[in-house]
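Working notes for the structure below.
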């Protein structure tokens with residue numbers, strides 16, 4: 001009998017919500033478990049085994065001491081997948097870089113800040129090679145399943161690379177700009193089925209940017225509605241501070 005692929009999950013600086021999304025797959029997850037062996041997954045099992053083929057990494061790199069652990073994961077795994085916004089772009093954690101690492105630590109830990117280790121936050125692919133990325137905060141369950149099934153079948157996962165505006169139009173949403181609001185959907189990567197705009201929220205581009213964003217088009221939209229890039233930059237940095245958008 002052929003050996004089943006062995007899968008592991010690893011967590012760094014994050015809320016671990018994307019791993020919970022994996023567990024939320026519920027019935028679909030049973031089909032996955034029939035095809036693989038999960039050998040490390042702190043959210044679900046107590047066992048820990050460093051013999052794995054595919055490693056899913058959630059969380060950002062924010063401590064230099066984590067570099068060795070990441071490098072070990074890369075050595076052990078044939079395939080590494082960054083899981084969620086914190087792993088793919090640094091996520092919310094990158095806001096600390098703009099505030100200043102020392103100031104952020106003092107704000108959070110006060111006089112005990114020196115007890116804790118930290119460094120400027122980076123996405124996982126700034127430290128090790130990442131083969132695939134599952135974007136979002138949290139990740140869409142369907143995209144996780146697509147990636148797993150694709151990897152097991154030996155094909156490249158189909159990850160959307162077009163703006164969230166496309167999904168908003170498919171859902172017949174009224175554009176938030178026409179409601180006197182604004183969002184990042186014009187440059188944000190789709191794949192979430194426009195969750196936030198569909199339920200009264202704005203798109204914060206938690207899935208990062210499309211690979212070739214239409215920056216000019218985005219600026220034209222902002223100007224049409226009396227907004228500037230500077231006005232929305234703070235909200236854009238919520239998930240995408242790793243991009244130096246001020247220079248775009």
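The values are calculated or read from the model by the stated rules, or taken from the named source; none is laboratory data. This structure is a prediction, so every number in the text was calculated from the model and none was measured. Using ideal geometry, Cβ is built from the backbone for each residue, glycine included, and neighbour counts are taken over all protein chains shown.
Listed here are the residues, each with its yes/no results for (1) modelled with pLDDT under 85; (2) in the same structural domain as residue 83 (by TED's automatic domain parsing).
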| site | (1), (2) |
| --- | --- |
| 138 | no, yes |
| 142 | no, yes |
| 174 | no, no |
| 203 | no, no |
| 211 | no, no |
| 214 | yes, no |
| 217 | yes, no |
| 225 | yes, no |
| 232 | yes, no |
Selected residue (only one of 57, 159 is in contact (Cβ under 8 Å) with a residue 40 or more places away in the chain, in contact with a strand residue (DSSP E or B) (Cβ under 8 Å, 6 or more places away or on another chain) and under 29 Å from residue 196 (Cα atoms)): 57
Exclusive hit being in contact (Cβ under 8 Å) with a residue 24 or more places away in the chain and within 21 Å of residue 205 (Cβ to Cβ), set 129, 133: 133
Residue within segment 64-75 that is modelled with pLDDT of 95 or more, outside any helix (DSSP H, G or I), assigned by TED's automatic domain parsing to the domain that holds residue 11 and surrounded by 13 or more Cβ atoms within 10 Å (Cβ to Cβ) present: no
Every residue from segment 173-188 that is in a loop (DSSP other than H, G, I, E, B), over 12 Å from residue 227 (Cβ atoms) and touching a strand residue (DSSP E or B) at 6+ places or on another chain (Cβ under 7 Å): 185, 187
Number of the condition not met by residue 168 [criteria: (1) surrounded by 13 or more Cβ atoms within 10 Å (Cβ to Cβ); (2) closer than 30 Å to residue 35 by Cα; (3) free of Cβ contacts under 8 Å to residues at least 40 places away in the same chain]: (2)
Enumeration of residues in segment 7-37 that are in contact with a strand residue (DSSP E or B) (Cβ under 8 Å, 6 or more places away or on another chain) and either part of a loop (DSSP other than H, G, I, E, B) or surrounded by fewer than 20 Cβ atoms within 10 Å (Cβ to Cβ) (or both): 11, 12, 14, 16, 36, 37
Residues that are surrounded by fewer than 21 Cβ atoms within 10 Å (Cβ to Cβ) and outside any helix (DSSP H, G or I), drawn from segment 86-129: 100, 116, 117, 118, 119, 120, 122, 127, 128, 129
Residue 226 being within 28 Å of residue 59 (Cα to Cα) and part of a loop (DSSP other than H, G, I, E, B): no
